[in-house]
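The values are calculated or read from the model by the stated rules, or taken from the named source; none is laboratory data. All of these numbers come straight from a predicted model, not from anything done at the bench. Don't worry about glycine lacking a Cβ; one is built from the backbone with ideal geometry, like all the others, and counts go over all protein chains shown.
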Amino acid sequence: FNGGLTVKAFSEEQEALVVKSWNAMKKNASELGLKFFLRVFEIAPTAKKLFSFLKDDDGVPLEKNPKLKAHALTVFAMTCESAVNLRKAGKVTVKDSNFKDLGELHFKYGVVDEHFEVVRFALLETIKEAVPEMWSSEMKEAWKEAYDQLVAAIKQQMKPSQ
Ligand code: HEM
């Protein structure tokens, strides 16, 4: 992470790589979301404990949990949105929620740096497997950059609510 203080220029080409692949993946969004979070829990099984609704719904199998899938798709969509805004405005912005809320929420649930790294790894692997014909080191770098900038903005607000 660059700490979110300096913003690297995000090019039109990078934006196009993210948007193009996200558009191709969208039609399989549900399956993709499932693969994404299963990958996260495969690498970091203890991350399950962070999600309150997983503790509540013991009876529901992981892969049937709609909220978990929704979170996975939120991460996908917001990273894509971040790419668009990085190119347009030179910084990340979020539509429906602000970073203060997002930061406080993730702080409250005990999300730490390592979780963001695992999620980034799983995100990139999921994309690579979803669009192998498009995948390239440039595409990987573009998604990584958009994700890192988004996470940096969330992390700056990761403190208890006041
Ligand atoms: C909740 C976004 C990364 C764990 C949320 C919410 C949003 C969000 C919008 C509230 C609504 C919802 O549940 O969908 C993001 C974004 C991320 C990110 C944009 C990265 C770019 C992570 C990571 C973890 C995590 C790395 C931990 C592995 C959680 C938990 C909740 C949550 C535990 C609360 C769920 C509950 O209600 O129990 N996140 N998140 N998030 N997120 Fe994230």
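Is region 131-142 home to any residue that is modelled with pLDDT of 95 or more, closer than 19 Å to THR74 by Cβ and within 14 Å of the chain's Cα centre (by Cα)?
no
If you scan region 111-162, which residues turn out to be basic (Lys, Arg), in contact (Cβ under 8 Å) with a residue 24 or more places away in the chain and within 17 Å of GLY33 (Cα to Cα)?
Answer for region 111-162, where residues must be basic (Lys, Arg), in contact (Cβ under 8 Å) with a residue 24 or more places away in the chain and within 17 Å of GLY33 (Cα to Cα): just ARG120.
Tell me, please, whether a residue that is loosely packed, with under 15 Cβ neighbours inside 10 Å and more than 20 Å from SER11 (Cβ to Cβ) can be found in region 140-156.
Checked against the condition, which is being loosely packed, with under 15 Cβ neighbours inside 10 Å and more than 20 Å from SER11 (Cβ to Cβ), region 140-156 yields at least one hit.
Among LYS55, LYS26, LYS8, LYS48, which is the only one that is surrounded by fewer than 17 Cβ atoms within 10 Å (Cβ to Cβ) and modelled with pLDDT of 90 or more? Explain how you work it out, then say what you get.
Values: LYS55 fails: modelled with pLDDT of 90 or more; LYS8 fails: modelled with pLDDT of 90 or more; LYS48 fails: modelled with pLDDT of 90 or more.
After ruling out the rest, the residue left standing is LYS26.
Just checking, does region 118-126 include any residue being touching a Cys at 6+ places or on another chain (Cβ under 9 Å), under 17 Å from ALA77 (Cβ atoms) and surrounded by 19 or more Cβ atoms within 10 Å (Cβ to Cβ)?
For region 118-126, residues touching a Cys at 6+ places or on another chain (Cβ under 9 Å), under 17 Å from ALA77 (Cβ atoms) and surrounded by 19 or more Cβ atoms within 10 Å (Cβ to Cβ): absent.
Checking PRO61 against (1) closer than 27 Å to VAL18 by Cβ; (2) modelled with pLDDT under 85; (3) not β-branched (Val, Ile, Thr), which test does it fail?
(1)
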